[in-house]
Amino acid sequence: MTGAPINQAIVSVSNETKETNQQGLCIIENYTTQNDESIENRILVVEKDDDQCMSVDIYSYASVPDAYVWHVFNDRGLYKPKEEVHIKGYVRFLKVKDEAKLPTYAHGTIHYTIYDPRGQQLQESQVELNNYGAFDVKFTLPDNVNL
């Protein structure tokens, strides 16, 4: 995953379907989950060629302040001591003015600290975001790490 935008992906939610633009974005207008408990209206599906992604329990909100939006993941759920951990993600900046505006790629440096499940610090460092607001962190777990 590079964090690069995906053009012409099909985005479906409720009874509305849109296609993403060159920035990988689209707007679903008039979407609301208020007073609607049906699961069909709370599933977002994105499709491109043979790939498909689904997000369940989405909700609409009346207003959102300016915010950084993150998506962070690793290559697997569990690691053993001395194994290399790979953490990737991307960051967008959502600027809201009058109406919700489309997110832009975040730029700059992220300072981060990684802790084990017991709160012991494993690593503190920084990583530079690429042109798409994506980052990649790699580190090796110590031999005596508490997992």
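The values are calculated or read from the model by the stated rules, or taken from the named source; none is laboratory data. Source: prediction; values computed, not measured. Glycine also receives a Cβ, built like all others from the backbone with ideal geometry; neighbour counts cover every protein chain displayed.
List of remarks:
- Strands (runs of 3 or more DSSP E) contained in segment 71-130 and holding at least 1 residues without any contact (Cβ under 8 Å) to a residue 40 or more places away in the chain and out of contact with any Asp or Glu (no Cβ under 8 Å at 6 or more places or on another chain): 109-115, 121-128
- Subset of segment 92-140 [among the polar types (S, T, N, Q) and at pLDDT below 85]: T104
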